[in-house]
Amino acid sequence: MKKLHLIFVLLFTGSTLFGQSVEMLFDSLTNQISKAEKPSDYALLAASFNALTAMESAPWEAGYYHSYCLLMEANGTDTDSKKDALLDQAETKVNELLKMMPREDELYVLRAFINQVRISVSPMMRGMKYSGLANDDLAVAIEIDKNNPRAWFLKAMNTYYTPAMFGGGKEKACPLFQKASGLFAGQNKEAKIGWGAEINSQMLKSCGQ
């Protein structure tokens, strides 16, 4: 992650001094996400995106990825209290963005993802509450854009890990992963938000597809 450390330095020393535009910095940061492996990698990315949000003309997606990287840091964190604290920060950022863009489907998808990760702290105690909250947000996202592949992917994940006795299970989830796969294949390659296709493909393998 040496390149990421350099980007982080540029953000705090003035990007224009080095001839770096906000868009170039944003693209450089987003390109580093797929290379992140440890919670500390995501922590540095989250801090970098947060710094970028303070820069003039920064895209709203910088705030989105600040939240996303906090979420991914939390997902790799073993300490429950730290996981919850990171997820709280991630959700606060999403809610701030939703106040400005209440019809942005990607924000509802991201908040659903945050609630799904909250379940991992205590599946038995949290499963019903947070899977329900996630499903509510995914329903809104799909109502706004029925072709959002991440919404269908997370809906499939929620279904996959919900016991069959409660209406979930592998059999019901696999068609949703398949639907998401088709939508991922057709998504705009130039879009600033594009995560999820690789994990969805892995889940399809568990479906025997």
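The values are calculated or read from the model by the stated rules, or taken from the named source; none is laboratory data. Since the structure is predicted, the reported quantities are computational estimates derived from the model, not experimental observations. Here Cβ is always computed from backbone atoms with ideal geometry, including for glycine, and neighbour counts include all displayed protein chains.
Out of the residues in the stretch 12-57 meeting the condition of being at pLDDT below 85 and of a type in the set (Phe, Trp, Tyr), tell me which one is surrounded by the most Cβ atoms within 10 Å (Cβ to Cβ).
Ranking the candidates gives PHE18 first.
Can you find, within the stretch 171-180, the residue that is surrounded by the most Cβ atoms within 10 Å (Cβ to Cβ) among those that are in contact with a helix residue (DSSP H, G or I) (Cβ under 6 Å, 6 or more places away or on another chain) and more than 17 Å from ILE193 (Cβ to Cβ)?
Of the stretch 171-180, the ones in contact with a helix residue (DSSP H, G or I) (Cβ under 6 Å, 6 or more places away or on another chain) are 172-173, 176-177, 179-180.
Pick out the ones that are also more than 17 Å from ILE193 (Cβ to Cβ) and you get 172-173, 176-177, 179.
Details: LYS172: 14, ALA173: 21, LEU176: 21, PHE177: 26, LYS179: 17.
Step by step, filter the stretch 171-180, then rank; the result is PHE177.
Please specify each residue of the stretch 181-209 satisfying the condition of being exposed (fewer than 11 other Cβ atoms within 10 Å of the Cβ) and either at pLDDT below 95 or under 19 Å from VAL109 (Cα atoms) (or both). First the steps, then the outcome.
Keep residues of the stretch 181-209 that are exposed (fewer than 11 other Cβ atoms within 10 Å of the Cβ), which gives 185-186, 188-191, 198, 202, 205, 208.
Once the filter is applied, which keeps residues that are exposed (fewer than 11 other Cβ atoms within 10 Å of the Cβ) and either at pLDDT below 95 or under 19 Å from VAL109 (Cα atoms) (or both), the stretch 181-209 yields ALA185, GLY186, ASN188, LYS189, GLU190, ALA191, GLU198, LYS205, GLY208.
Looking only at the stretch 57-80, count how many residues are within 17 Å of SER120 (Cβ to Cβ) and not hydroxyl-bearing (Ser, Thr, Tyr). Step through it out loud before you land on a result.
Within the stretch 57-80, the subset within 17 Å of SER120 (Cβ to Cβ) is 68, 70-80.
Imposing the further condition that a residue be not hydroxyl-bearing (Ser, Thr, Tyr) reduces the set to 70-76, 78, 80.
Summing the residues that are within 17 Å of SER120 (Cβ to Cβ) and not hydroxyl-bearing (Ser, Thr, Tyr) in the stretch 57-80 gives 9.
Take GLN178 and tell me if it is farther than 25 Å from THR92 by Cα, of a type in the set (S, T, N, Q) and modelled with pLDDT of 95 or more. Can you show your working first?
Working: farther than 25 Å from THR92 by Cα: yes; of a type in the set (S, T, N, Q): yes; modelled with pLDDT of 95 or more: yes.
Answer is yes for this residue.
Considering only residues of the stretch 63-81 that are under 12 Å from THR92 (Cα atoms) and aliphatic (A, V, I, L, M), which is nearest to the chain's Cα centre (by Cα)? Steps first, please.
Initial filter on the stretch 63-81 (under 12 Å from THR92 (Cα atoms)): 63-64, 66-68, 70-71.
Right, trim to aliphatic (A, V, I, L, M) and you get 70-71.
Working: LEU70: 9, LEU71: 7 Å.
Ranking the candidates gives LEU71 first.
Just to confirm my filter: which helices (runs of 4 or more DSSP H) fall fully inside the stretch 72-149 and include at least 1 residues that are surrounded by fewer than 18 Cβ atoms within 10 Å (Cβ to Cβ) and not hydrophobic (A, V, I, L, M, F, W, C)?
Values: elements: 80-100, 105-119, 123-144.
Helices (runs of 4 or more DSSP H) meeting the threshold: 80-100, 123-144.
What do you reckon, is ALA62 free of Cβ contacts under 8 Å to residues at least 60 places away in the same chain, hydrophobic (A, V, I, L, M, F, W, C) and surrounded by 18 or more Cβ atoms within 10 Å (Cβ to Cβ)?
Details: free of Cβ contacts under 8 Å to residues at least 60 places away in the same chain: yes; hydrophobic (A, V, I, L, M, F, W, C): yes; surrounded by 18 or more Cβ atoms within 10 Å (Cβ to Cβ): yes.
For ALA62, the condition - free of Cβ contacts under 8 Å to residues at least 60 places away in the same chain, hydrophobic (A, V, I, L, M, F, W, C) and surrounded by 18 or more Cβ atoms within 10 Å (Cβ to Cβ) - is met.
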